[in-house]
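We did not get these values from a lab; they are worked out from the coordinates using the rules stated. Note that the coordinates shown come from a computational prediction; the quantities given were computed from them, not determined experimentally. When we count neighbours, we look across all protein chains shown, and the Cβ atoms used for this are built from the backbone with ideal geometry, even at glycine.
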Amino acid sequence: MTKPLVGMMIIGLMLALPFFAAADEELPEELENIEALFDDEEALVKAAREFHVTQKALAEADFDQAVELVEREERALAEEKYEEMWRRYGLVRRAYDEVLERYPKNPLALTYMGELLYDTYGEEMEAVEMWRTAVSIDPDLSLAHNNLGIHYCHIGEYERGIEHLDRTLELEPENPDFLFNLAQIYLIHFRIVADLKDMTEKEVFEEAMEMSRKAVEIEPDDFELLQDYALNYFTAENFGVEVDWAEAARAWERAREVAETWDTTFYTWLNEARSWVRDGDHDRARECLEEALEINPNSEAAQSLLAQLDDDDNESNESNE
């Protein structure tokens, strides 16, 4: 069964399943523990958020299992997993409904509910309105600013979006996620950023790399941040900027130290090799490719790059004879 059919199946289930129960219905068993917190606003919001984080992780696992089952043509079992996934999200939505019924002006609850609506249910306008309300209540709520910034950049309102993302770093300059988000906007939309901030494209690149570097210094064990920082060196070609490719290679080494799966480890070896090639160090590039092929002997990318190194070295040797 193909991926598009998997997607169609998901959409069908989304339309078929009840997403959430009315707030006046009896609480599901999974939410009974929050009832004791109804009179404690801060504790209630915290409990709902923790429930959201837990259920999201479980729902994502349900989704992954469902995709595997669909690919094995075990449709009935896949549908059970999809139903369980949406049941979990429905519980989270119900939890936030209970919070907002009692505390409709709680900015964190509005922000969290907005994230659920935006990311899971596709109710973008409702989510954005919640985030706007949240920052009107608490202008210093960095998470709501972050969400609005990403949304506005996503729909092409870059000036508005970058203002919100700048605000997140004014409020939390050491937040690695906020640093990462703004760095990516700089690197992807660098011409727009350069115009808005009256910067050269080289300055945009350098500032983005500094934000990315700072993020990994704050969270040195976060593979995603380390990987993105290392990848960002390759974007230098878009800016016509010379970078230290040996440092890029070392960035891949640092990412590999915290890689947890064979494929991510392979990926770091392959990209470290690409960095050493750009640095002109073919011997170290070859060592990295041999390590990569130990993990995945059938990698066409690694085989092709190794063959290219062989051809280049042979041509160099012939020209020196």
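Go through (1) 0.95; (2) 0.98; (3) 1.05 and flag the label whose value is the computed Rg/Rh (Cα atoms, Kirkwood Rh) for this structure. Correct label is (3). Within the listed set 177, 39, 222, the residue fluctuating most in the Gaussian network model of the chain (springs between alpha-carbon atoms under 10 angstrom) is 39. For the pair residue 46 and residue 171, label points projected 7 Å from Cα toward Cβ lie 1.9 nm apart. Counting charges near residue 89 (Lys, Arg +1; Asp, Glu -1) among other residues having Cβ under 14 Å from its Cβ returns a value of -3.
Normalised by the number of residues in segment 43-127, the mean separation of alpha-carbon contacts (under 8 Å, six or more apart) gives a relative contact order of 27 percent. Per residue, the average separation of C-alpha pairs within less than 8 Å and at least 6 apart gives the chain a relative contact order of 8 percent. By the count of neighbouring beta-carbon atoms within 10 Å, fewest first, 266, 205, 63 end up ordered 63, 266, 205. A straight Cα-to-Cα reach below 23 Å connects residue 214 with the lysines 197, 202, residues fewer than 8 places away in its own chain not being considered. Computed over neighbours whose Cβ is under 13 Å from that of residue 123, the net charge equals -4, Lys and Arg +1, Asp and Glu -1. What does the net charge come to around residue 269 if you take all other residues with beta carbon closer than 12 Å to its beta carbon, with K and R at +1 and D and E at -1? In short, -3.
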